[in-house]
Amino acid sequence: MCRRAVVVITVVILVGAAWARAQQADAVATKIASATISGDFSGPVAGVCTPTGYTAICPSGLSNCSCITMNAAKVRGSVAGDGVAVVNFTLDSGSATSSVSGSTCQPAFGQADLTTTVGRGKNKTTKSESINLLAALCDSKNGRSPATLTGGWGIAASPAPTPAASGWGTLDGTQTGTKIDLKLKGTVTQ
């Protein structure tokens, strides 16, 4: 009888431990993440990028804003994985820090629509998410260095990311000619 009780207790402990590990593997985790988004842009085109969403923001009025677009931008990193993005920025020259052309900063309201993958083989997952971007696009300080983008980002709630995720952080970037390189750092919960 005592032997049977020991076996039953041992089995219960082992099953409980296995269940706890399985639950831990499925648990939501927050991690420090980073990513780069790089590509060439087209534009500017007069007006906001889209009539809805984050790129529709233009505080000084539609006549002062323009849209630049990065199609098939390259995405790499742990924020979302590796893949491609379409990135739009609405630039608001009416809210610039200075009226002196070539010597100012202006707000940039952006959205990056990402299609990426993480993992390999049977563990490979395709992800889809939109990231809202808020930055100041500042002209080159000496005419030779690139223009800079500095600000923040957050995973948009709508459209809902697949698989579910949330996160936010800082954005640093450069613009040289028609090429933009963005670096995102922050936390992601999945």
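What list of ³J(HN,Hα) values in whole Hz, one per residue of the stretch 138-147 in order, does the Karplus curve 6.51 cos²θ - 1.76 cosθ + 1.60 (θ = phi - 60°) give from phi, with Gly and Pro shown as x?
10, 4, 4, 6, 10, x, 10, 7, x, 5
Taking the chain as a Gaussian network, where each spring joins two C-alpha atoms under 10 Å apart, which residue of G143, G94, G169 fluctuates the most?
G143
Can you check what the net charge comes to around T36, using other residues whose Cβ is under 14 Å from the Cβ of T36 (Lys, Arg +1; Asp, Glu -1)?
Values: positive: K74, R76, K179, K183, K185; negative: D82, D172, D181.
Computed value for this residue: +2.
Can you tell me how much longer the chain between T187 and S60 gets when fully stretched, taken as 0.36 nm per residue apart minus their C-alpha distance, in nm with one decimal?
Extra length from T187 to S60 when fully extended: 42.5 nm.
Can you give the helix-only mean residue ellipticity at 222 nm for the chain, where every DSSP H stretch with n ≥ 4 adds -39500 (n - 2.57) and the sum goes over all residues, rounded to the nearest 500 deg cm²/dmol?
Calculated from helices alone, the mean residue ellipticity at 222 nm is -4500 deg cm²/dmol.
Using Cα positions and a limit of under 21 Å, work out the lysines in reach of K124, with same-chain residues fewer than 8 apart set aside.
K31, K74
Around K185, what is the net charge, scoring Lys/Arg as +1 and Asp/Glu as -1 over all other residues with Cβ under 15 Å from its Cβ? Let's see the in-between values first.
Values: positive: K31, R76, K183; negative: D172, D181.
So the surrounding residues net to +1.
Relative to the longest principal axis of the chain, what angle (0 to 90°, nearest 10) does the C-alpha long axis of helix 2-25 take?
Result, in degrees: 10.
For the stretch 15-156, what does the accessible surface come to per residue with a 1.4 Å probe? Please give it in Å². If you can, show how the numbers build up before the last one.
On the way: 7600 Å² over 142 residues.
Accessible area per residue, the stretch 15-156: 54 Å².
Between S128, V45, T176, whose Cα lies farthest towards the positive end of the dipole of the chain when Lys and Arg beta carbons carry +1 and Asp and Glu beta carbons carry -1, centred on the Cα centre?
The one lying farthest along the dipole's positive direction is S128.
Test of understanding: express the Cα radius of gyration of the stretch 138-181 as a ratio to 2.2 N^0.38 Å, with N the residue count.
Values: Rg = 14.7 Å, N = 44, 2.2 N^0.38 = 9.3 Å.
So the Cα radius of gyration is 1.59 times the expected 2.2 N^0.38 Å.
Tally Lys and Arg at +1 and Asp and Glu at -1 over the other residues with C-beta under 10 Å from the C-beta of G173: what net charge comes out? Before the final figure, lay out each step's value.
On the way: positive: K183; negative: D172, D181.
Local charge sum for G173: -1.
Taking springs between alpha-carbon atoms closer than 10 angstrom, which of L91, L114, L62 fluctuates most in the Gaussian network model of the chain?
Result for the chain, Cα springs under 10 Å: L62 fluctuates most.
Rank A156, V86, T189 by how far each Cα sits towards the positive end of the charge dipole of the chain (+1 on Lys, Arg Cβ; -1 on Asp, Glu Cβ) and give me just the farthest.
It is T189, whose Cα lies furthest towards the positive end.
Report the normalised scattering of the stretch 69-159 as log10 I(q)/I(0) at q = 0.12, 0.17, 0.25 Å⁻¹, calculated by the Debye formula with identical scatterers on the alpha carbons.
Listed by q, the Debye log ratios stand at -0.47, -0.79, -1.21.
With a 1.4 Å probe and every protein chain kept in, tell me what percent of the accessible surface of the chain is carbon plus sulfur.
On the way: 6530 of 11000 Å².
Answer for the chain is 59 percent, counting heavy atoms of protein chains only.
The values are calculated or read from the model by the stated rules, or taken from the named source; none is laboratory data. This is a predicted model, so every value here is computed, not measured. Using ideal geometry, Cβ is built from the backbone for each residue, glycine included, and neighbour counts are taken over all protein chains shown. Ligands, DNA and RNA are stripped out before the accessible areas are found, and what is left, the full protein with its side chains, is counted by its heavy atoms. Shrake-Rupley method; radii C 1.70, N 1.55, O 1.52, S 1.80 Å.
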